[in-house]
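One structure below.
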Amino acid sequence: MNKFPFSNDNKRYHTFNYETRKHYGFKVFKVGLNAGFTCPNRDGKVAFGGCSFCNEIGSGDFQGNTSLNLLEQFDRGVAIQRKKWPDAKAIAYFQAFTNTYAPLNQLKQIYEPFIHHPDVVALAIATRIDCLDEDIIQYLDGLTQIKDVYLELGLQSIHDESAKHMNRGYTYAQFETVFKRLKQTNLKLIVHVMNGYPTETTEQMLETVQRIGQLKPYGIKIHMLNLLENTRLAMEHQIKPYTLLDMESYIDLVVNQLRHIPAEVAILRLTGDYSPTDLIEPQWIKQKINVLNGIDKRMAALDVYQGDLCFA
Ligand code: SF4
């Protein structure tokens, strides 16, 4: 029998599904939306060219279809998901690029139809810490009086030398300063970290997760690096191929990372979606179920749980 307290199935880590069912009392799903934002790492405000792993569609994950307006994107996403879960409600997920990179008035026009939408239980907003001015933080915190707001922060690594190689455009110290301010709000903070960045060791990847776990965010998303077409990393890889993590090494690493994350922290992702048209490597990332099953099996075989090596 599973003795992990944040699970009602065979998972030995704290899934978002477990957390949201407990919190809302029913199934929720995310609908990815593309509000047409750009990113300060692309337009020259912070840097040009974007992060080394991100291409012109904004890091390769699924995003809404920009030929539709936001409500049409949402309705289409809901219709697809409701085939599987007819009674579930949605989290409107502003996913593409940097979703607080606009003046406050513009952000209000984008978010307000969704915060009052009857099928929406929460907003999820993906952004960067350098696009969260105080007026925006206060506005988003105010929205939490109406519905939950999940704020997703792309960090990838705590290591500044990696951030430089990525062209991320801010330091880890800057991240922590903003994160501490955000902790004073009711926003549910989710930090994205990346495994498999080719200039990092697995020890560094573990350190990233340990340090973020100590900050006690609401949740963590762990992604495997996707080497995508039309990125700087892909160009470098063509000249001198990088060695990327294989599936078994990735499973070992993630199991070890989970053991160092406090059990109260929800795990929203352990692999990441991929873009079928742009993915160069690793091809094993397409076998998402095998990766997740491999993590479950490894944790069961070792009889380990999220947080059991976490003494902070
Ligand atoms: S990963 Fe995010 S911050 Fe980096 S270039 Fe892409 S959209 Fe911008």
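Computed from the coordinates by the stated procedures, all read-outs in this text should not be read as laboratory data. Bear in mind that the values here come from a model prediction, so they are computed numbers and not experimental data.
Computed from phi, the 3J(HN,Hα) profile of segment 20-30 under the Karplus parametrisation 6.51, -1.76, 1.60 (θ = phi - 60°) reads 6, 5, 5, 6, 9, x, 8, 5, 10, 9, 9 Hz, with x in place of Gly and Pro. For the chain, the antiparallel share of DSSP beta bridges with both residues in that region comes to about 10%. Derived scalar couplings between HN and Hα for segment 252-269 equal 4, 5, 5, 4, 5, 4, 4, 5, 9, 9, x, 4, 6, 7, 6, 10, 8, 7 Hz in order, rounded to whole Hz, by the Karplus curve 6.51 cos²θ - 1.76 cosθ + 1.60 (θ = phi - 60°), x for Gly and Pro.
For the pairs LYS84/LYS216; LYS27/LYS216; LYS30/LYS164; LYS11/LYS221; LYS83/LYS183; LYS108/LYS180, note any where the Cα-Cα span goes beyond 27 Å. Flagged as over cut-off: LYS84/LYS216; LYS30/LYS164; LYS83/LYS183. The phi-based Karplus calculation (6.51 cos²θ - 1.76 cosθ + 1.60; θ = phi - 60°) puts the 3J(HN,Hα) values of segment 99-116 at 8, 10, 8, 6, x, 4, 4, 5, 4, 4, 5, 6, 7, 5, x, 8, 5, 9 Hz, whole numbers, x for Gly and Pro. Amide H contacts of HIS192: LEU153, GLY154, LEU155, GLN156, LYS221, each under 5 Å away and 5 or more positions distant or on a separate chain (H built 1.01 Å from N in the peptide plane; Pro and chain starts excluded). For segment 172-312, would you read off the P(r) tail past 17 Å as a percentage of all alpha carbon pairs? Tail of the P(r) past 17 Å holds 63 percent of the pairs. Sorted from greatest to least, the principal axis extents spanned by the alpha carbons of the chain come out as 50, 47, 38 Å.
Amide H to amide H, with H built 1.01 Å from N, ASN99 comes under 5 Å of ALA126, THR127, ARG128, counting only residues 5 or more places away or on other chains.
A straight line joining the Cα centroids of segment 125-143 and segment 242-284 runs 28 Å.
When N is the residue count of segment 27-179, what does its C-alpha Rg come to as a fraction of 2.2 N^0.38 Å? Write out the running numbers ahead of the final one.
Working: Rg = 15.9 Å, N = 153, 2.2 N^0.38 = 14.9 Å.
For segment 27-179, the normalised Cα radius of gyration comes out at 1.07.
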